[in-house]
Structure formats: structure tokens, C-alpha cells
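Comments concern the structure below.
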Amino acid sequence: MRIRLYAHNIHRMAQTDILTLRLDSKLKKKLDKLAKATDRSRSFLVSEAIREYVALNEWQIEEIKKGLREADAGDFASDEEMEQTVRKWVRRAG
């Protein structure tokens, strides 16, 4: 099943591009059901899902790079800082 997506931004008018992709028939049926239940278009739902996926992965990659830069610079937590963090999490779990 092919679906044409019209990327758009609900907060401001932005230039949009058309993206064509293939979806499993079962996933398309679920998407159609969600679109109907939320009174949104498939394009809107897929565009929002892709936006969130990209934002999450951009954030995660940047945090990994940041951590690697800190490690390369020798910027590690001290033993005392680690013990404090472990104690905090143990208290929360208990």
C-alpha cells in the first residue's frame, strides 16, 4: 500500500514536500482507525510521528556525542558523586 504524505507544521506555514512510503496493510488499517478516532488525516499523524522520531533521535545522538567528548576530556564523575547517585536511586527504588 502506498500513501502520499504531505509534511506540514501546525504552528506555522512551512514549505512542504511530498514523501511516498510503503506500509504494511495491517499498519495502514491501524493508522486509518487512529485517524478516524482522532479526526486527523493520515498525513498529519504520520508527519507528527516522524517529527517526534527525528527529534528524539537527534537528541539521543547529540547526548551520546556530548558524553563521548566529556569522556575524551577525562570528565568523569568522582567516586563520591557516583555513590551519592547510587544511594539516591536505591532510596527511590525502596
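Just so it is clear, none of the values below were taken in a lab; they were calculated from the coordinates. Please read these numbers as outputs of a predicted model, since none were measured by experiment. Note: ideal-geometry Cβ built from the backbone for every residue, glycine included; neighbour counts use all protein chains shown.
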Could I have the simple spin-label model distance between Ala77 and Ile64, label points 7 Å from Cα toward Cβ, reported in nm to one decimal?
-> 2.1 nm
Dipole size in debye (nearest 20) for the chain around its Cα centre, Lys and Arg Cβ +1, Asp and Glu Cβ -1?
-> 1140 debye
Helix-only CD estimate at 222 nm, as mean residue ellipticity for the chain, using -39500 (n - 2.57) per DSSP H run (n ≥ 4) | -22000 deg cm²/dmol
So for the chain, taking the charge dipole from beta-carbon charges (+1 Lys/Arg, -1 Asp/Glu), which of Thr85, Gly67, Leu34 sits furthest toward the positive end?
-> Leu34
Any residue on another chain or 5+ positions along whose placed amide H is under 5 Å from the amide H of Leu19 is listed here as Leu5, Ala7
Phi to ³J(HN,Hα) by Karplus 6.51 cos²θ - 1.76 cosθ + 1.60 over the stretch 32-45, Hz, x for Gly, Pro | 4, 5, 5, 4, 5, 5, 9, 6, 10, 7, 4, 4, 4, 4
